[in-house]
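Pasting a structure below so you can have a look.
We did not get these values from a lab; they are worked out from the coordinates using the rules stated. Predicted model, so just to flag it, every value in this text is computed and none were measured. Neighbour counts are summed over all protein chains in view; Cβ atoms, including those assigned to glycine, are modelled from backbone coordinates with ideal geometry.
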Amino acid sequence: MTTLGFIGLGNMGGPMAANLVAAGHDVYGFDLSADAVVAAREAGVAIAHSVADAVAKAEVVVTMLPTGRHVQNVVLGDDSVLAHVADGTLVIDSSTIDIQSARAVHAALTDRGLPVVDAPVSGGVAKAKAGTLTFMVGGTPDAFAQARPYLEAMGANIVHTGAAGAGQAAKICNNMLFGTTMTAVAEAFVLAERLGLDARSLYDIVSTSSGDSWALRNFCPWPGLVEGSAADNDYRANFAAALMSKDLRLALTAAEEAGVDLPVSGRADAVFAALAQAEGHLDASAVIREIRGRD
Ligand code: NAD
């Protein structure tokens, strides 16, 4: 049994922390949101009242925060993980963040002699709850080996993608595909509607045809077609449009820096930027509201 500190108990971090508890570990969790804290406590997470409190006894620290800025503040800023962890503590950042922030975290923790991996995830809330996430992991082979047992408690597919930041590189390529596919799925439903086609017919055909996609089957933007979809729940976020927009921005920025032109993903980035501005708290599948226009 290991003592872990877990910072960021939101849509993803909450169930991930719960799975570490279920695997027999002692987990001290911290989040700024009262709702997130209540749910985590019910799952058996011991609630800490500060970052310092969460990491005080930790042998392993996991962070699951919105952006690179949040991760840099929590891990490297004032009163941070770095300021309070014991020597030898392994740090796993599972947030989806920019490669530069990930590398800055690696550099600062490595300077202090701490093992660290960037280990973003794919699979959404359903797989976070089921403990079947995919982890894309950047870091040294030794840090990867140390992180693996904890990642296995939360995931089913654990891939070492390379050195510092390589997990984030894999993740932003994946999410760029998700964002562009999500946009295209929404466009198909809007076009079908204008052509007088029944949404159920479209779903039944596409989900067994060459237009099928994970976005369609897990983030169907049309209500009444996929049980438990955000579309059936007023687009309450499973994966917020603001986070999807952030990930597309990360990918497009990385592409610009690498000198690669990505015209299709560039359009999806613009569509999601507009949605994030207007209704970023809604689910990514609410992109259909951006395509169709709001009532
Ligand atoms: P979320 O907004 O539900 O959770 C983030 C949590 O971090 C919130 O509860 C927030 O209160 C907390 N937080 C923010 N600043 C904090 C601080 N300084 N100290 C303590 N807690 C703080 O987001 P999420 O959906 O769980 O996503 C987390 C990360 O995982 C993001 O980078 C996202 O892009 C990525 N991700 C999300 C999904 C998904 O389907 N939701 C899937 C894969 C990856």
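Calculate one ³J(HN,Hα) per residue across region 155-160 by plugging θ = phi - 60° into the Karplus curve 6.51 cos²θ - 1.76 cosθ + 1.60, and present them in order as whole Hz with x for glycine and proline.
So the Karplus estimates, Gly and Pro as x, are x, 10, 9, 10, 10, 7 Hz.
Sticking with this structure for a sec: Given 0.36 nm per residue, what is the gain on full extension from ALA130 to ARG194 after removing their alpha carbon distance, in nm? Present the calculation step by step, with values, prior to reporting the outcome.
Details: separation 64, 0.36 × 64 = 23.04 nm, distance 3.79 nm.
Gain on stretching ALA130 to ARG194: 19.2 nm.
Taking the 0 to 90 degree range and rounding to the nearest ten, how far is the long axis of helix 263-279 tilted relative to the main principal axis of the chain, both from C-alpha atoms?
80 degrees
Here's something else I'd like to know. If each DSSP helix of 4+ residues adds -39,500 (n - 2.57) and the sum is divided by the residues in the chain, what number results at 222 nm, nearest 500 deg cm²/dmol? Walk me through the intermediate numbers first.
Values: 14 runs with 154 residues, N = 295.
Theoretical 222 nm ellipticity from helices: -16000 deg cm²/dmol.
Can you pull the one-decimal nm distance between simple spin-label points at ALA34 and SER201, each 7 Å off the Cα toward Cβ?
In this crude spin-label approximation the distance works out to 5.0 nm.
Which residues' amide hydrogens lie under 5 Å from the amide hydrogen of VAL62, considering only partners 5 or more residues apart or on another chain, with H built in the peptide plane?
Result for VAL62 returns GLY5, PHE6, ILE7, ILE92.
A further question follows. In the neighborhood of VAL287, defined by Cβ-to-Cβ distances under 11 Å, what is the net charge if each Lys or Arg adds +1 and each Asp or Glu adds -1?
On the way: positive: ARG289, ARG292; negative: GLU187, GLU279, ASP283, GLU290.
So the surrounding residues net to -2.
For every other residue with a beta carbon closer than 11 angstrom to the beta carbon of THR253, add +1 if it is Lys or Arg and -1 if Asp or Glu, then tell me the sum.
-3
Antiparallel versus total DSSP beta bridges in the chain: what percent is that, nearest 5? If you can, show how the numbers build up before the last one.
Working: 5 of 29 bridges.
Taking every DSSP beta bridge within the chain, about 15 percent pair in antiparallel fashion.
Decide, for region 1-76, between rounded, prolate and oblate: order the square roots of the alpha carbon gyration tensor eigenvalues as a ≥ b ≥ c, take rounded if a/c falls under 1.5, and otherwise choose prolate if a/b is larger than b/c, else oblate. Let's see the in-between values first.
Working: a/c = 1.61, a/b = 1.22, b/c = 1.33.
Since a/c reaches 1.5 but b/c is at least a/b, the shape of region 1-76 is classed as oblate.
Expected output is a single nm value to one decimal: the length gained when fully extending between THR208 and GLU42, i.e. 0.36 nm times separation in residues minus the C-alpha distance. What is it? Write out the running numbers ahead of the final one.
Details: separation 166, 0.36 × 166 = 59.76 nm, distance 3.93 nm.
Full extension of this stretch gives 55.8 nm more.
Calculate the FRET efficiency for ARG294 and ARG112 from the Cβ-Cβ distance with a Förster distance of 45 Å, rounded to the nearest 0.05. Don't skip to the answer; put the middle values down first.
Values: r = 49 Å, r/R0 = 1.09.
FRET efficiency, ARG294 to ARG112: 0.35.
Still on this structure, I have one more. Return the whole-Å distance between the Cα centroid of region 90-140 and the Cα centroid of region 26-70.
One Cα centre to the other: 16 Å.
Which net charge results for the neighbourhood of VAL206, defined as the other residues with beta-carbon distances under 13 angstrom from its beta-carbon, given Lys and Arg at +1 and Asp and Glu at -1?
Numbers: positive: ARG200, ARG217; negative: GLU187, ASP198, ASP204, ASP212.
Charge balance near VAL206 sits at -2.
Please sort by residue number the trypsin sites (Lys or Arg not before Pro) in region 201-295 whose DSSP state is loop and whose Cβ has at most 14 other Cβ atoms within 10 Å. Mind dumping the intermediate values first?
Values: sites: ARG217, ARG236, LYS246, ARG249, ARG267, ARG289, ARG292, ARG294; in loops: ARG294.
Those satisfying the criteria are ARG294.
In terms of modelled amide H atoms, which long-range or inter-chain residues lie less than 5 Å from the amide H of ILE158?
Correct list: PHE135.
Compute the distance in nm between two label points, each set 7 Å from the Cα along the Cα-to-Cβ direction, one at ALA258 and one at HIS281.
Label at ALA258, label at HIS281, 3.5 nm between them.
Of LEU177, THR208, GLY228, which is farthest towards the positive pole of region 173-244's charge dipole, taken about the Cα centre with +1 and -1 on the beta-carbons of Lys, Arg and Asp, Glu respectively?
My answer, from the dipole projection, is LEU177.
Can you list the residues, at least 5 places off or on another chain, whose amide H is less than 5 Å from the amide H of ILE47, using H built in the peptide plane?
GLY29
Arranged from highest to lowest average of other beta-carbon atoms within 10 Å per residue, in what order do the peptides 40-49, 19-28 appear? Intermediate values should be presented prior to the final figure.
Details: 40-49: 17.0, 19-28: 19.0.
In decreasing order of mean packing, 40-49, 19-28 become 19-28, 40-49.
Could you list THR67, THR161, THR96 so that the one with the fewest beta carbons within 10 Å of its beta carbon is first and the one with the most is last?
Numbers: THR67 17, THR161 20, THR96 28.
Arranged by neighbour count, lowest to highest, THR67, THR161, THR96 become THR67, THR161, THR96.
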